[in-house]
1. Restricting to region B:52-86, count the residues that are within 14 Å of another protein chain (Cβ to nearest Cβ) and not in a helix (DSSP H, G or I).
2. Assess whether A:ALA168 counts as being at the interface with chain B (Cβ under 10 Å from one of its Cβ atoms), in a helix (DSSP H, G or I) and either modelled with pLDDT under 80 or over 30 Å from A:ALA49 (Cα atoms) (or both).
3. Being more than 8 Å from chain B (Cβ to nearest Cβ) and farther than 30 Å from A:LEU270 by Cβ is true for just one of A:LYS194, A:LYS175. Which residue is that?
4. Looking only at helices (runs of 4 or more DSSP H) that fall completely inside region A:231-334, which ones have 2 or more residues that are within 9 Å of another protein chain (Cβ to nearest Cβ) and modelled with pLDDT of 90 or more?
5. What single numbered condition from (1) closer than 24 Å to A:TYR192 by Cα; (2) touching a Leu at 6+ places or on another chain (Cβ under 8 Å); (3) modelled with pLDDT under 80 fails to hold for B:LYS511?
6. Taking the stated definitions as given, is B:PHE466 at pLDDT 85 or above and in a helix (DSSP H, G or I)?
7. With the requirement that a residue be in a helix (DSSP H, G or I), more than 9 Å from chain B (Cβ to nearest Cβ) and in contact with a Leu (Cβ under 7 Å, 6 or more places away or on another chain), what does region A:216-230 give you?
8. For region A:112-127, enumerate the residues that are surrounded by fewer than 17 Cβ atoms within 10 Å (Cβ to Cβ) and either in contact with a helix residue (DSSP H, G or I) (Cβ under 7 Å, 6 or more places away or on another chain) or among the aromatic types (Phe, Trp, Tyr) (or both).
Amino acid sequence: MKNIYESKHYKKLLIIPLIVLVVMAFYATQVKFGIDLRGGILLTAPSTAPIDAVKLQAAISSKFDLEDLNVRTTSGATPGFYIELIGERSLLKAQESLEAKDYQQVIDISKKFTGDLNVSGDLPTQADVYFSKARENFKNELALFISQQTGVDRAQFSVNDTGPSLGAYFLNQAKTAIIIAFILIAALIFYYFKTPIISFAVMQSAAFDAVLGYAALGAFNIPLSLATIAPLLMLIGYSVDTDIMLTDRMLKRKEGTPATRARGAIATGLTMTGAAIAAMLSLFIVSSYANITVLAHISFVLVVGLVGDIIATWCTNAPVILWHLERKAKKVVS
Amino acid sequence: MSLLKELWKERSIKIFLIALFVLGVLPLGLKGLQFGMDFTGGTLIQVKLDKKLETLEMQTVLTVLQTRLNAYGLKDISVKPAGQEYIIVAIAETNPQSVNQLQSLLGQQGKFEALFNGQVVLSGSDIISVISDPQKGYGVQGVTNNYEWIVPFLLTNDAANKFAQAVAGQCTMLAGGEQCKEVVYMFIDRPENAVILINHSLYNLEKTIPEDLDVSTSTIAIDELVKNSGVELVVTDTLDNDTLASIKNKTVVIPEGSFDQKLLEQYASKVVAKSKAAKYWIVNGLNLENIVHLTPGITEGNPITQPSITGHASTVQQAVEELNRVTILLKSGKLPVSVSVGSVSTISSALGADFLKYSAIAGGFAGLAIIGIVFIRYRNIKIATPIILTSFSEVFLILGMAALIGWQIDLVSVAGIIAAVGTGIDYQIIIIDEILRKEQETILSVVARIKKAFSIIFMAAATIIFAMFPLIFLGLGTLKGFAITTILGVLIGLLITRPAYASIVNKLSTK
């Protein structure tokens with residue numbers, strides 16, 4: 001096979017990751033947060049009588065304006081149904097307003113559920129009270145409606161309500177984890193490679209993989225949850241593996257031209273990434289078949305990110321390092 | 001044979017074999033693997049606190065909840081704070097009945113009070129211990145038509161004296177000459193600064209209730225009961241202005257579904273809707289546990305240090321449940337804030353067993369896939385076999401280490417293990433390619449090249465560890481498992497299996 005890195009046009013390789021990035025940037029904006037990060041309601045109940053999930057979903061949708069309503073029935077050991085939703089649309093808006101500190105807006109929206117409340121205190125406190133009351137009232141109305149629709153006693157419902165504050169806490173911790181991890185890794189990379197351009201190339205590749213994994217969540221409608229954050233961090237680790245190998249071969253070795261060394265590294269790199277993809281793909285297939293959502297999501301994010309790593313390493317990093325070496329060579333000559 | 005002999009001389013191989021035994025075989029054989037809730041089944045209960053707590057108070061709450069769960073007889077429990085407002089409790093129990101009971105145990109503040117004439121005469125801090133000795137009356141016994149449960153407890157001397165003083169001379173003898181007419185009311189979580197709001201039909205229905213709350217002997221008027229509980233009673237059928245004015249800034253307790261809760265919330269500081277769990281609603285509304293007649297002895301100044309709380313139930317099971325609830329609440333003491341159970345999620349053990357089976361299958365398939373890739377690339381059994389053996393021993397060692405530190409394997413850990421093995425393969429591929437390189441054969445020895453490969457590997461391993469590091473220390477629950485297994489796997493690979501692998505490959509390639 002012809003060595004692309006020996007061609008004059010090797011810089012054109014950079015177009016591929018750019019296109020991928022533009023497409024993925026769109027999907028990255030579509031990512032939805034799961035219940036554990038955003039807060040939301042999961043209502044489960046046992047029911048021996050058969051329940052038509054589609055009909056129930058339609059009934060609930062026509063009564064309430066809900067974000068991401070998902071009704072499913074379960075069979076086997078615990079027959080019943082579970083209903084998952086992020087929240088009521090206007091309440092979610094109120095939550096956004098609360099985060100944006102637009103307290104009057106929060107109160108205005110919440111009043112739809114609570115009526116006028118006699119609360120004292122400053123505006124933020126009032127908004128808090130209104131909002132939590134509104135949430136509570138909505139939850140009761142919803143449970144009551146579902147109970148009427150299914151004929152299952154309300155006392156049997158198990159309602160898993162991750163309040164926005166707990167979700168926000170997890171989200172905050174997760175963000176902190178990602179930032180700390182990135183800083184640590186950046187420090188390590190700069191320490192190891194010393195050259196800023198190379199270090200940046202390695203860092204961008206790591207970021208590219210993580211962004212791709214993240215965008216995959218948006219593209220395939222998988223919620224970003226605690227379980228899907230772990231593989232995003234893992235991707236940074238995987239990505240750096242191949243980058244180090246490539247960079248090491250191109251910079252620290254002397255035999256052949258940089259282009260032939262880059263070409264030689266491809267075999268090793270693809271075997272590395274290929275093995276990881278194969279492992280994660282098998283995990284994805286088996287866990288999807290067995291309905292183990294957590295594992296399916298984790299492995300899926302890793303597969304997409306690893307495919308992205310092939311692009312990031314061989315279409316971005318390799319050309320950037322080649323270009324860097326060429327410039328250095330020119331400087332020496334002149 | 002000579003190859004094996006030569007290998008045995010290598011230090012890295014010795015370390016590897018010793019590690020395999022000490023970190024793998026021993027812990028797995030002696031302690032065994034512990035599986036998390038995902039695989040064994042279990043229940044996750046979210047407890048919401050009424051307000052944000054600082055570390056010290058939070059510690060109190062954690063200890064009290066832990067004590068309650070232990071007292072209930074649960075072993076594998078974890079009680080962890082999530083932020084300052086939430087506590088997440090994980091237990092191995094999945095039986096719905098037990099879970100229900102636990103919910104009520106975790107959702108109660110556990111504030112014990114005894115009232116006489118509307119004044120608190122005893123509180124939880126006066127109790128030294130619960131006497132759970134059947135010889136001294138503790139337990140459940142069958143009486144006419146129902147079952148009686150008794151929880152005796154021990155008071156401090158000070159409290160006993162104080163109590164005796166409070167009731168001194170307050171005895172109007174009843175017929176029979178053993179008991180006074182005057183009674184003491186005992187509560188767990190009595191509503192504070194509260195108004196009880198009921199309609200006329202309920203009021204008339206429960207106008208008088210039996211004193212022992214279940215079986216009918218002598219009765220007590222609801223007005224009397226409420227007055228002595230230190231709360232107000234408002235009987236009305238409509239929420240008129242007078243009623244609404246009377247509840248302003250108070251806690252309102254109403255029967256579930258009786259009044260317009262939204263309207264009440266505009267005036268009251270808190271609205272509590274109580275279901276009719278007991279035979280009489282008012283008993284549940286007040287959280288009344290027990291009504292006890294004074295005896296002439298105590299009113300004459302002889303303090304009692306061992307009072308008891310008793311109650312009746314129509315089945316043995318209910319009586320035992322009540323007995324346990326009161327015992328546990330008294331034993332664990334009260335929480336510094338009032339609490340409520342936010343959510344409960346249960347994974348049935350059948351589902352968990354399925355998850356375990358399929359996780360193992362998934363792991364097996366992942367292994368096969370890796371073997372496939374390695375064979376496709378190298379087409380050489382001499383190269384592929386050590387890679388496969390190394391990976392297997394890595395999984396074995398990670399599991400052994402998990403057993404050693406008592407880490408519970410859950411779903412995310414499985415993903416972590418597979419991810420760690422995946423990076424392990426990466427490093428072996430780097431080593432093998434470094435050795436196989438033809439160009440440098442004349443310049444560098446195999447040993448030098450392995451050394452070179454290791455500088456890459458150290459760096460790569462450090463990156464993964466750095467990436468996973470923050471997850472261990474932040475309160476992110478499940479992610480910790482992923483981080484721990486991955487880091488363990490990478491460390492094991494770096495320090496134990498990879499050096500051994502390099503030695504094997506080295507020996508093989510120089511043959």
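1. Kept after step one, since they are within 14 Å of another protein chain (Cβ to nearest Cβ), are these residues of region B:52-86: B:52-53, B:58, B:80-86.
Filter once more, keeping what is not in a helix (DSSP H, G or I): B:52-53, B:80-86.
Of the residues in region B:52-86, 9 are within 14 Å of another protein chain (Cβ to nearest Cβ) and not in a helix (DSSP H, G or I).
2. Answer is yes for this residue.
3. A:LYS175
4. Values: elements: A:258-289, A:293-311, A:318-333.
Once the helices (runs of 4 or more DSSP H) in region A:231-334 are filtered for at least 2 residues that are within 9 Å of another protein chain (Cβ to nearest Cβ) and modelled with pLDDT of 90 or more, what remains is A:258-289, A:293-311.
5. Checking B:LYS511 against (1) closer than 24 Å to A:TYR192 by Cα; (2) touching a Leu at 6+ places or on another chain (Cβ under 8 Å); (3) modelled with pLDDT under 80, the one that fails is (1).
6. yes
7. Within region A:216-230, A:LEU217, A:THR228 qualify.
8. As a first pass, look at region A:112-127 and keep what is surrounded by fewer than 17 Cβ atoms within 10 Å (Cβ to Cβ): A:112, A:115-116, A:118, A:120-125.
Residues satisfying the conditions are A:LYS112, A:GLY115, A:ASP116, A:ASN118, A:LEU123, A:PRO124.
The values are calculated or read from the model by the stated rules, or taken from the named source; none is laboratory data. If you're wondering where the values come from, they're calculated on a predicted model, not measured in any experiment. Note that we place each Cβ from the backbone using ideal geometry, even for glycine, and neighbour counts take in every protein chain shown.
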